[in-house]
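Scroll down for the structure; my scribbles are underneath it.
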Amino acid sequence: MARYTEAVCRLCRREGEKLFLKGQRCYTGKCAIARRSFAPGQHGQGRKKVSEYGTQLREKQKTKRFYGLLENQFRRTFDNAARMKGKSGENLLQLLELRMDNVVYRMGFASSRVEARQLVTHGHFTVNGKKVDIPSYTMKVNDVIAVRETSRKSAKFQELANRSVPPWLTFNADTLSGTVVQAPSRADVDIEVKETLIVELYSK
């Protein structure tokens with residue numbers, strides 16, 4: 001299974017904003033953006049005139065990196081979104097939010113999407129009572145995700161308490177489970193992205 005293995009803080013610096021790829025570290029003074037708010041590399045501090053294509057590319061790269069996908073994965077997700085009814089850009093964000101690793105992160109089981117991906121891959125969760133270890137698995141409305149019985153004694157999950165989750169999810173700390181009660185809307189996506197630029201980029 002392909003995944004990005006290089007320094008993730010470089011990605012935040014390249015996009016010029018926090019992508020929250022390292023959990024709690026992103027909220028401290030150790031965050032790379034707080035210490036060096038310019039792009040990595042010897043030309044990172046130089047002024048550059050960005051073309052229309054460059055602006056579209058940056059939006060795509062930022063969104064892709066925010067959710068932890070590689071290029072082929074992201075393109076497949078966009079193609080699926082384009083085949084759905086409605087606006088392709090909003091459909092894309094909805095599919096990204098419904099990825100299992102993102103749902104695990106949104107419910108507070110993990111401090112970052114990277115950690116959530118690892119927990120899913122290691123088989124710590126079930127969906128509707130069946131073990132699922134595929135981070136890209138697309139959750140559906142009324143799906144119930146829960147920590148597996150054999151994993152509940154882990155200190156990682158014993159510390160969980162009721163927390164605030166997006167309105168399209170519910171979370172129960174007693175059963176260590178949550179439910180997708182509705183499909184996420186555009187207003188539920190907290191990433192600042194102009195999805196129309198991504199649609200324009202892939203429509204060329």
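Identify all residues within the stretch 150-204 that are touching a strand residue (DSSP E or B) at 6+ places or on another chain (Cβ under 6 Å), part of a strand (DSSP E or B) and not aliphatic (A, V, I, L, M); write none if there are none.
Matches in the stretch 150-204: Thr170, Phe171, Ser177, Gly178, Thr179.
Taking the stretch 54-105 as the search range and keeping residues that are among the acidic types (Asp, Glu) and in contact with a helix residue (DSSP H, G or I) (Cβ under 6 Å, 6 or more places away or on another chain), which one is surrounded by the fewest Cβ atoms within 10 Å (Cβ to Cβ)?
Glu90
Among all residue pairs at least 6 apart or on different chains, which show Cβ distances below 9 Å where the first residue, located in the stretch 171-189, is closer than 22 Å to Phe157 by Cβ and the second is surrounded by fewer than 16 Cβ atoms within 10 Å (Cβ to Cβ) and charged (D, E, K, R)?
Listed pairs, sorted by first residue: Phe171/Arg163; Ala173/Arg163; Leu176/Arg152; Val180/Lys140.
I'd like to check something: does the stretch 86-108 contain any residue that is without any contact (Cβ under 8 Å) to a residue 12 or more places away in the chain and under 17 Å from Val165 (Cα atoms)?
Yes - at least one qualifying residue is present in the stretch 86-108.
Could you tell me whether the stretch 135-149 includes any residue that is surrounded by 12 or more Cβ atoms within 10 Å (Cβ to Cβ), in a loop (DSSP other than H, G, I, E, B) and of a type in the set (Phe, Trp, Tyr)?
Scanning the stretch 135-149, I find at least one residue that is surrounded by 12 or more Cβ atoms within 10 Å (Cβ to Cβ), in a loop (DSSP other than H, G, I, E, B) and of a type in the set (Phe, Trp, Tyr), so the answer is yes.
Picking from Glu149, Glu200, which residue would you name as being farther than 20 Å from Phe74 by Cα and not assigned by TED's automatic domain parsing to the domain that holds Phe66?
Within the list Glu149, Glu200, the selection yields Glu149.
So, restricting to helices (runs of 4 or more DSSP H) that lie completely within the stretch 65-109, which ones have at least 2 residues that are more than 25 Å from Asp174 (Cβ to Cβ) and not assigned by TED's automatic domain parsing to the domain that holds Thr170?
Hits in the stretch 65-109: 71-83, 88-97.
Any residue in the stretch 122-136 that's in contact (Cβ under 8 Å) with a residue 24 or more places away in the chain: show its pairings with residues that are of a type in the set (Asp, Glu) at Cβ separation under 6 Å, as long as the two are six or more apart or on different chains.
What qualifies is Gly123/Asp133; Val127/Asp143; Pro135/Asp101.
The values are calculated or read from the model by the stated rules, or taken from the named source; none is laboratory data. Predicted model only: the values in this text are computed from it and were never measured. When we count neighbours, we look across all protein chains shown, and the Cβ atoms used for this are built from the backbone with ideal geometry, even at glycine.
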